[in-house]
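Right, one structure below, let's go through it.
All of the numbers you see were taken from the coordinates with simple rules; none came from a lab. Please read these numbers as outputs of a predicted model, since none were measured by experiment. Because the Cβ atoms are built from the backbone with ideal geometry, glycine has one as well, and the counts that use them run over all protein chains shown.
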Amino acid sequence: MTNNELKKELQTIIDTTFGNTLETEVAKVALEHDDDITLFFDQLFRHGCVSGMVSSLVYYSDTRTFYDKHYNQIEELRSEYDEMGCPLKVGYDLKNDYAWFAFEVTAGKLTEKLGLEF
């Protein structure tokens, strides 16, 4: 898929999804890196949110707001991981760690949906 096709797909996801979901949040951030969508996802999977590449999830105040906003979806993801026998380890700040986890997992699901492979 070309970069322009990826942009169109991401915009469609934003436009057709009801409410502000984790998927729409990831799609919006990916579109901010419109010069190369594939590179954005590749770098995210290599370095994670901890690298600071997701500017809206750098500060604790931002990750805590993100966590509160998407609490139900984050808890669903966390529960899925618990059921698979992969409980999450929390470092300094639970909301921060779970926000990053949710963003990265959702990005993974979105790339599958887009047919991207890494």
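In table form, for the structure just shown:
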item	result
Karplus (6.51, -1.76, 1.60) ³J(HN,Hα), θ = phi - 60°, over the range 42-54, in Hz, Gly and Pro reported as x	4, 5, 4, 6, 7, 10, x, 5, 4, 5, x, 6, 9
Cα centre as origin, Lys/Arg/Asp/Glu Cβ charges: the chain dipole, Debye	200
Computed helical MRE - 222 nm, the chain, DSSP H runs ≥ 4 contributing -39500 (n - 2.57), nearest 500	-21500 deg cm²/dmol
Shape call, the range 1-61: gyration tensor on alpha carbons, a/c limit 1.5	oblate
Label-zone membership for the range 72-104, site His33, 7 angstrom Cα→C-beta point, backbone N under 12 Å	104
Most positive-pole-ward Cα, Val26, Val105, Cys49, against dipole of the chain from beta carbon charges	Cys49
Stokes-Einstein D (µm²/s) once Rh is taken as the Kirkwood radius of the range 3-114 over alpha-carbon pairs, at 4 °C in 1.567 mPa s	90
Cα-based Lys proximity count in the range 23-118, under 19 Å, for pairs eight or more positions apart or on separate chains	4
